[in-house]
Amino acid sequence: MGWAWRREQWAVAWLSVAVLGAALVGAAGAFEEGTAVYIVTMKQAPVFHKRLDLERFGSSRVAGGGGGGGGDTPSTSILMKPRFLMCRHGPAQPMNYGLYLVRLQNSLLKRTLRGERYIKLYSYRYLINGFAVVITPQQAERLSMTKEVANVMLDFSVRTATTHTPEFLGLPQGAWVQEGGPQCAGQGVVVGLIDTGIDPTHPSFADDLITDSYPVPAHYSGICEVTNDFPSGSCNRKLVGARHFAASAITRGVFNASQDHASPSDSDGHGTHTASIAAGNHGIPVVVAGHHFGNASGMAPRAHIAVYKALYKSFGGFAADVVAAIDQAAEDNVDIISLSITPNRRPPGLATFFNPIDMALLSAVKAGIFVVQAAGNTGPSPKSMSSYSPWIFTVGASAHDREYNNYVVLGNNLTITGVGLAPGTDGDSMFTLVAAPHALKNNVASPTEMSLGECQDSSHLDEDLIRGKILVCSYSIRFVLGLSSVKQALDTAKNVSAAGVIFYLDPFVIGFQLNPTPMDMPGLIIPSSDDSKVFLNYYNESLVRDETSNKIVSFGAIAKILGGQNPNYGISAPKVMFYSARGPDPEDNSLANADILKPNLIAPGSSIWGAWSSLGLDSAEFAGESFAIISGTSMAAPHVAGLAALVKQKFPYFSPAAIGSALSTTTSLSDREGNPIMAQRTYGNPNSTQSPATPFDMGNGFVNATAALDPGLIFDSSYDDFFSFLCGINGSAPVVMNYTGNSCSSSAMTGADLNLPSITIAVLNQSRTITRTVTNVASDERYTVSYSAPYGVAVSASPAQFFIPSGQRQQVTFVVNATMNGTSASFGSVGFYGDKGHRVMIPFSVISKVVHGS
């Protein structure tokens, strides 16, 4: 009771944000043209960096080398102080310092822009010291010239990039058992989600299902914002915090208050879905369109959820709002940040890593927060990656072994696969097919509006002609854009007494993932354009027309629909989905390749059941439902965020890099049949263009939650390593100074030198020496190093065997030589095989090779 009272008292103060939002709406309309939102970073250290200096004061600190060369003195030990033990040394001092930074920011604006118009949107103070402000380019230039300012950057836009996946990932018999069962899995860990908000009334986020001790983690200090549509009591022991950030969007005039909601409430559905995947309650019944599809659970069902809404249905989001959300989540002391969002364009400038979001996340990693981001839905082209930095754990999307398929059996004995969570037609009876354009009232020859062919309006259709038959409708791009809906077509079919409905795919709908759609009558969507052509050919060839007038005399095509409410389970999963963004990781806008592997791994992202907001508008087909089945790397990222919570629970001292290493080195490289994981290569008919996945498709492989809880060896990296990496980029010293406030010393470090659980070399010019340092987090063990060299490359490893006591480190050196010229990527692997059963695998990728003397 005391905790709830404290949270509500804090939340009252947060109501001022809604007042600020109202003021911004008025100001935005009156603000002169030529202004824009800028993110300004100041040189003085933010609150967390200041606090870290205080905690380190008086202790000896050994400066470590980079990456694998760290030897026995890395700058930050893998065994970090648990974040919940990082005491605040008297909260008054950091709080006062934060207010001091805000006063400095305000003073700078008043002094530099004296008497001029501007709107300050946010004060960033915890991870970065800076602010977001609406100003003209001329004002931005003047701010950039002041001695206090480090960097000024134009704001940019971003976009959003289960019942069975716990079983597919082996959690009930594996990782959950190790954590004490689903009733314990993830407890004490706070997962912060930056997304479209949450529906607090959903049973996936209730705490009244929990009867035993389930306290809010003491280290979490966030609040629950209170508004009219997010009332007092929305938060609980499960949903421990909720805020929203929309100042940049409101200022631009794109915020639709009636649709987007200036509160943590989710009017889209995406945020509710991702939150439930990561940490939704265990055993929640999934009932959609009146049918029970099983019980849902998050990956870490006992973990706690904190929501930071910075994305909206109408427009996506903006970096200024996202950075504010990241800054607040870190100050609130979340353990994990999950972002199912990506930028709308590749960041400009010296390198993709230098953008406000990635640099804020670098500070979050310094604060001990594990950061997960969706790879993006821009695949399958090479270099389509939308998550760039080595300190961010990037997740691609795979299929899993459950599929919902229904079928249409045609009168010519052809069977066509469809998608539709729908019952079948009655028995073995065949039903006449009638296309909507051929069933118009008053014998109209053809429809004058697309919506008629899409079955969106029953008033123009002849009920007597359609009654008892299967209505055929077009699924056009208008369905993708939300201008037409399956639900409306179903209403049309019912209004004209159809026995069922079949949608054929318009040829212009290419590269769009059709999810199984709930239907409360027999129906399906044919998701393949080729199959749609076959279906239409049969239909058209079966029409009987008058030879003189060419009018249709009778409909000869018949079919029956086989139901699709029960899943099928295959063995050819996982596989990389066509939309999942691919590497190599682009280092800059010239598309130069970085020495960094992206994605880090793949996780289930196709046809994922998750909680759905009662206000959700993102998918019209699931409007009013409490669960939805959707696809994307947005669904893959929270799977990993939840699994990371299980790792964090077992190893509370692990650094973010250590958590990422445990997940990466224990992946699966084969499907359920034991064959190599495949990757879809095209938008159209993707299953017909599969080939074995490479590390640029799947990273280290498919996540294996149970194995990640016993990784054996860890590849650790610290903030100082990432800082040295940034300094090693040619010409980066001023940019690094602007973003971090620290000066670069001489650094020749590249991404290949970072102590990552992978080796990636973009350009192998004759020869290269790579080192990796492993730390034993299990018992004493003897390891053998084995490797498969990429084509065109010779590799040697030293030592080839080593004994490593528990808690100790071992450096391994790889000498890599090009044996042929080439610009095509080739792939190999390195395995560390322990005599107690540990198997630690990392991929080895080389793109361009240059032989000496060529």
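The values are calculated or read from the model by the stated rules, or taken from the named source; none is laboratory data. What you see is a predicted model, and the numbers here were worked out from it, not measured in a lab. We place every Cβ from the backbone using ideal geometry, glycine too, and count neighbours over all the protein chains shown. SASA here: full protein model, heavy atoms, side chains in, ligands and nucleic acids out. Shrake-Rupley method; radii C 1.70, N 1.55, O 1.52, S 1.80 Å.
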Please work out the average accessible area per residue across the chain, using the 1.4 Å probe convention, and give it in Å². 36
Select one label from (i) 28.1, 99; (ii) 27.1, 87; (iii) 35.8, 122: the one whose number is Rg and Dmax of the Cα atoms in Å as derived from the coordinates shown. (i)
What distance in nm lies between label points placed 7 Å from Cα along the C-beta direction at Asn295 and Asn256? 3.9
Gyration tensor on Cα atoms of segment 403-565, a ≥ b ≥ c root eigenvalues, a/c under 1.5 rounded, else prolate if a/b beats b/c, else oblate, says rounded
Let me spell out the model: positive unit charges on the Cβ of Lys and Arg, negative unit charges on the Cβ of Asp and Glu, origin at the Cα centre of segment 403-565. What dipole size does that give, in debye rounded to 20? 60
Which of Thr760, Thr813 is most accessible, then next, and so on - probe 1.4 Å: Thr813, Thr760
Expected output is a single nm value to one decimal: the length gained when fully extending between Ala218 and Ala733, i.e. 0.36 nm times separation in residues minus the C-alpha distance. What is it? 181.4 nm
So for Asp155, Asp462, what's the accessible-area order with a 1.4 Å probe, most first? Asp462, Asp155
Find the relative contact order for segment 754-850 and round it to a whole percent, using C-alpha pairs within less than 8 Å whose residues are 6+ positions apart. 39
Answer with one residue from Trp612, Phe431, Gly188: the one whose Cα lies farthest towards the positive end of the charge dipole of the chain, charges on Cβ with Lys, Arg +1 and Asp, Glu -1. Gly188
Which of the peptides 646-658, 278-290, 671-683 is most tightly packed, and how do the rest follow, going by the mean number of other Cβ atoms within 10 Å of each residue? 646-658, 278-290, 671-683
State whether segment 380-436 is rounded, prolate or oblate according to the following rule on the C-alpha gyration tensor (a ≥ b ≥ c being the square roots of its eigenvalues): a/c under 1.5 gives rounded; otherwise a/b larger than b/c gives prolate, and the remaining case gives oblate. prolate
Would you mind telling me the antiparallel percentage of the DSSP bridges in the chain, rounded to 5? 65
Can you give the local net charge around Gly699? Use residues other than it whose beta-carbon is closer than 13 angstrom to its beta-carbon, Lys and Arg +1, Asp and Glu -1. 0
So, counting K/R as plus one and D/E as minus one, what does the shell of residues with Cβ under 11 Å around Arg768 add up to? -1
How many angstrom lie between the Cα centre of segment 326-374 and the Cα centre of segment 741-784? 22
Using a 1.4 angstrom probe and counting only protein chains, how large is the accessible area of Ile357 in Å², to 10? 10
Using a simple spin-label model with points 7 Å from Cα along the Cα→Cβ vector, what separation in nm is obtained for Arg782 and Ser614? 6.4
What dipole magnitude, in Debye to the nearest 20, does the chain give about its Cα centre under +1 on Lys/Arg Cβ and -1 on Asp/Glu Cβ? 2300
May I ask you to give the percent of accessible area on the chain that is carbon plus sulfur, with a probe radius of 1.4 Å? 52
If a paramagnetic tag sat 7 Å from the Cα of Glu33 along the Cα-Cβ line, which residues of segment 243-274 would have the backbone N under 15 Å from that point? none
Rough spin-label spacing in nm, given labels placed 7 Å along Cα→Cβ, for Ser232 and Asn685: 6.3
If the limit is 30 Å between Cα atoms, which of Lys120/Lys147; Lys147/Lys309; Lys238/Lys487; Lys494/Lys533; Lys120/Lys313 go over it? Lys147/Lys309; Lys238/Lys487
Can you tell me what share of the DSSP beta bridges in segment 403-565 is antiparallel? A percent to the nearest 5 is fine. 55
